[in-house]
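Asks: One structure coming up, written as structure tokens, with questions to follow.
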Amino acid sequence: MAAYIWLGGMIPGATRLCDIVGGRWSNIKEVLRDIAIAMASWIVFAAVGELSSFVGRPSHAGSLQFIKPLGAIEVTLWVIMSMTSGFCEELVFRGYFQKQFLASTRSAAFAMLAQAVLFGICHWYQGVKQVILISVLGALYGILAHWRKSLRPGMIAHAWADVLNVVPIPFG
């Protein structure tokens, strides 16, 4: 799907991948701004995930055990895969589906909701409760993309979240 989009898959008004992503950074200030927005978003999104455990959701750690990397090579590959996943999933769900739903319905709210539900369903292998949580997170990523008119902060936050879901960074 990412390759289809990369090759120009019918995004209204977008002819290049950088148009879909939200343009190019023109200076270091823009890079740092997007990283700061990504970090703040990741904190909020992680808090939403943690708060959901208080309303009946068991930890999703068990659903991810079968993919947990072991050893330096697997951890390195996991980080690379997470960065790729963050880029591709944001490109597909927020960059493609959200923009297509918006173009067909002219409703930003519907577009964000529809891509979020689709995003959640694509994570069915993690179980129904996780589908609901991931749909909520998909909506938050959709709001971020709509607000920023860019996928960059969401791509950074998404990659970071995917890395840290399985490979915790040791402190101290």
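The values are calculated or read from the model by the stated rules, or taken from the named source; none is laboratory data. Model, not experiment: these values are computed from the prediction. Here the Cβ positions follow ideal geometry from the backbone for every residue, glycine too, while neighbour counts run over all protein chains shown.
Asks: For segment 97-121, which positions are polar (S, T, N, Q), part of a helix (DSSP H, G or I) and surrounded by fewer than 14 Cβ atoms within 10 Å (Cβ to Cβ)? Lay out the reasoning, then the answer.
Replies: Here is the first cut: in segment 97-121, the ones polar (S, T, N, Q) are 98, 100, 104-105, 107, 115.
With the extra rule that they be part of a helix (DSSP H, G or I), the set shrinks to 98, 100, 104-105, 115.
Hits for segment 97-121 are SER104, THR105.
Asks: Turning to a different aspect of this structure: Got a sec? Which of ALA114, ALA157 is among the small types (Gly, Ala, Ser), modelled with pLDDT of 90 or more and closer than 28 Å to ILE28 by Cβ? Steps first, please.
Replies: Details: ALA114 fails: closer than 28 Å to ILE28 by Cβ.
Testing whether each residue is among the small types (Gly, Ala, Ser), modelled with pLDDT of 90 or more and closer than 28 Å to ILE28 by Cβ leaves just ALA157.
Asks: Taking the criterion of being closer than 27 Å to GLN130 by Cβ, modelled with pLDDT of 90 or more and in contact with a Gly (Cβ under 9 Å, 6 or more places away or on another chain), would at least one residue in segment 41-62 satisfy it?
Replies: yes
Asks: Considering only segment 1-36, state which residues are within 18 Å of GLU89 (Cβ to Cβ) and modelled with pLDDT of 90 or more.
Replies: Correct list: ASP34 only.
Asks: Which residue out of TYR96, TYR141 is touching a Lys or Arg at 6+ places or on another chain (Cβ under 9 Å) and among the hydroxyl-bearing types (Ser, Thr, Tyr)?
Replies: On the way: TYR96 fails: touching a Lys or Arg at 6+ places or on another chain (Cβ under 9 Å).
Just a single option satisfies the conditions, and that option is TYR141.
Asks: Name the residues in segment 116-134 that are of a type in the set (Gly, Ala, Ser) and under 15 Å from LEU51 (Cβ atoms), would you? Step through it out loud before you land on a result.
Replies: Initially, segment 116-134 is screened for residues of a type in the set (Gly, Ala, Ser), giving 116, 120, 127.
None - no residue of segment 116-134 is of a type in the set (Gly, Ala, Ser) and under 15 Å from LEU51 (Cβ atoms), so the list stays empty.
Asks: Let me ask something additional. Only one of LEU144, LEU133, LEU137, LEU151 is touching a Pro at 6+ places or on another chain (Cβ under 9 Å), surrounded by 18 or more Cβ atoms within 10 Å (Cβ to Cβ) and not basic (Lys, Arg); which? Spell out the reasoning first.
Replies: Working: LEU133 fails: touching a Pro at 6+ places or on another chain (Cβ under 9 Å); LEU137 fails: touching a Pro at 6+ places or on another chain (Cβ under 9 Å); LEU151 fails: touching a Pro at 6+ places or on another chain (Cβ under 9 Å).
After applying the criteria, what remains is LEU144.
Asks: For segment 66-111, enumerate the residues that are touching a residue at least 60 places away in the same chain (Cβ under 8 Å) and among the acidic types (Asp, Glu).
Replies: Those that are touching a residue at least 60 places away in the same chain (Cβ under 8 Å) and among the acidic types (Asp, Glu): GLU89, GLU90.
Asks: Condition check: modelled with pLDDT under 95 and of a type outside the set (Lys, Arg). Does ILE134 satisfy that?
Replies: On the way: modelled with pLDDT under 95: yes; of a type outside the set (Lys, Arg): yes.
Taking the combined requirement at face value, the residue satisfies it.
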